[in-house]
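Here the structure is laid out as structure tokens; the discussion comes afterwards.
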Amino acid sequence: MEIKNATFVVSNTDYKKCPDTGLPEYAFIGRSNVGKSSLINMLTNNKSLAKTSVRPGKTQLINHFLINKQWYLVDLPGYGYARISKSARAQWQKMTNDYLLQRETLMNTFVLIDSRLTPQQIDLDFISFLGQNGIPLSIVFTKADKQNQRETALNVNAFKKALSNEWEELPPIFITSSVSGTGRSKILDYIELINNSKSTLEQ
Ligand code: GDP
């Protein structure tokens, strides 16, 4: 898929106030500092569409970006901030859970995982939550340029192994680098595939 245009539409704290155009949407979420803003900017060919984190934990909003006037890219607030109050954590959970569970136009959730890390419980728990609630997801390993392919493969395989305790069939997996652009066309093609199958179903 070619990105012809990408524009910021709106920020919300409540899924009910999200755009009501019925266009399909794709959410991106992960631990703070995982590289989500960089990935969004890489995918959309825009250096500053999503704000790369200056103060972690500051933006706790659901951000909608309209892509090619056809679909929304949704930037969800990150999880796993070390220094965050209980009430802020509860607020994050309510806002994102409501969005993920109730948003009818949500086609897929891309869960970002830092490819330099061994499997982290917080990520496995979040993926479990999506799986248990039947929310379609894919896994995106970030920052693959920061190490060699072998090291990335070791962490990806360890992650797959951890997932296979709960999953019979693993979700789609993408390996990316926002620096080199690795994985960009695969993710965009995947989104296009889902968009096309949705419009075929509607015909
Ligand atoms: P966010 O908090 O998840 O939105 O993460 P950011 O996109 O702000 O990235 C966090 C830090 O990781 C920043 O210093 C980025 O420059 C860096 N970063 C993000 N993605 C990549 C990547 O693919 N490769 C490299 N080398 N650095 C990255």
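Some observations on this one:
- The set of residues in the stretch 93-125 that are of a type in the set (A, V, I, L, M, F, W, C), over 20 Å from Ser177 (Cα atoms) and in contact with a strand residue (DSSP E or B) (Cβ under 8 Å, 6 or more places away or on another chain) comprises Met95, Leu100, Leu106, Met107, Ile122.
- Residue under evaluation Lys160, criteria (1) surrounded by 16 or more Cβ atoms within 10 Å (Cβ to Cβ); (2) charged (D, E, K, R); (3) over 17 Å from Phe28 (Cβ atoms), criterion not met: (1)
- Flag set for Lys186, criterion: within 15 Å of the ligand (Cβ to nearest atom) and assigned to a helix (DSSP H, G or I).
- Here the condition is being closer than 21 Å to Gln70 by Cβ and either over 14 Å from the mean Cα position of the chain (by Cα) or of a type outside the set (A, V, I, L, M, F, W, C) (or both); of Arg150, Arg184, it holds for Arg184 alone.
- Test: residue in the stretch 51-60 that is at pLDDT 95 or above and under 23 Å from Ala90 (Cα atoms): no
- Qualifying residue in the stretch 30-40 (condition: modelled with pLDDT under 90 and out of contact with any Ser or Thr (no Cβ under 9 Å at 6 or more places or on another chain)): no
- Verdict on Thr21 being away from the ligand (no atom under 16 Å from the Cβ), free of Cβ contacts under 8 Å to residues at least 12 places away in the same chain and of a type in the set (Val, Ile, Thr): yes
- When Lys51 is tested against (1) within 13 Å of the ligand (Cβ to nearest atom); (2) crowded, with 17+ Cβ neighbours inside 10 Å, just one condition goes unmet, and that condition is (2).
- Applying the criterion of at least 3 residues that are more than 14 Å from the ligand (Cβ to nearest atom) and at pLDDT 95 or above to the strands (runs of 3 or more DSSP E) found wholly in the stretch 79-182 leaves 106-114, 137-142.
The values are calculated or read from the model by the stated rules, or taken from the named source; none is laboratory data. Quick caveat: nothing in here was measured; it's all calculated off a predicted structure. FYI the Cβ positions are ideal-geometry reconstructions off the backbone, even for glycines, and counts take in every protein chain you see.
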